[in-house]
Amino acid sequence: MKVVAAYLLALLGGNASPSAADIKGILSSVGAEADDDRIDLLLKQLDGKDINEVIAAGREKFAAVPSGGGVAVAASGGGGAAAAAPAEEKKEEKKEEEKEESDDDMGFSLFD
């Protein structure tokens, strides 16, 4: 992931075709190790491709992946009124807990 980030940073910096040395320079400037095999693989896979098209194709692939969030929404739709009462109780309990935590400062603050 850091190799991809370094490649994209080079592109954003105005380098239309980043080389392995460019990517290594970016990674070394932040103290990260450069893996030559990964850099070479990335450059081979992106050779002759427009990065905007590659990103757009990746977004389309991610859009097709189910996220699993729809199941929880469908399951909780039946008892809306019953679910609201426990949520209110939890809020009240949380307020009481926060009040108790404020007493734990033992009379002094980090900023005094």
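The values are calculated or read from the model by the stated rules, or taken from the named source; none is laboratory data. What you see is a predicted model, and the numbers here were worked out from it, not measured in a lab. All Cβ positions, even for glycine, are placed from backbone atoms using ideal geometry, and neighbour counts span all protein chains on display. Areas reflect the complete protein model, heavy atoms only, side chains present, ligands, DNA and RNA absent. Shrake-Rupley method; radii C 1.70, N 1.55, O 1.52, S 1.80 Å.
Measure off 7 Å from each Cα along the Cα-to-Cβ vector at Met1 and Glu33, then give the distance between these two points in nanometres to one decimal.
The modelled label-to-label distance comes out at 1.8 nm.
Note the full-extension length gain between Leu8 and Arg59 as 0.36 nm times their separation in residues minus their Cα-Cα distance, in nm to one decimal.
Contour length minus the Cα-Cα distance gives 16.8 nm.
Ranked highest first by average number of other Cβ atoms within 10 Å, how do 46-55, 33-42, 59-68, 8-17 line up?
Taking the mean over residues of other Cβ atoms within 10 Å, the ranking is 33-42, 8-17, 46-55, 59-68.
Taking only protein heavy atoms and a 1.4 Å probe, what accessible area per residue, in Å², does the stretch 1-41 have with all protein chains in place?
Each residue of the stretch 1-41 exposes 65 Å² on average to a 1.4 Å probe.
What are the ³J(HN,Hα) values, in whole Hz, obtained from phi via the Karplus relation 6.51 cos²θ - 1.76 cosθ + 1.60 with θ = phi - 60°, for each residue of the stretch 10-17 in sequence order, with x given for Gly and Pro?
Values per residue, Gly and Pro as x: 5, 4, 5, x, x, 7, 5, 9 Hz.
Figure the gain on full extension for Ser67 and Ala20 (residue separation times 0.36 nm, minus the Cα-Cα span) and round it to one decimal in nm.
Here the answer is 13.4 nm.
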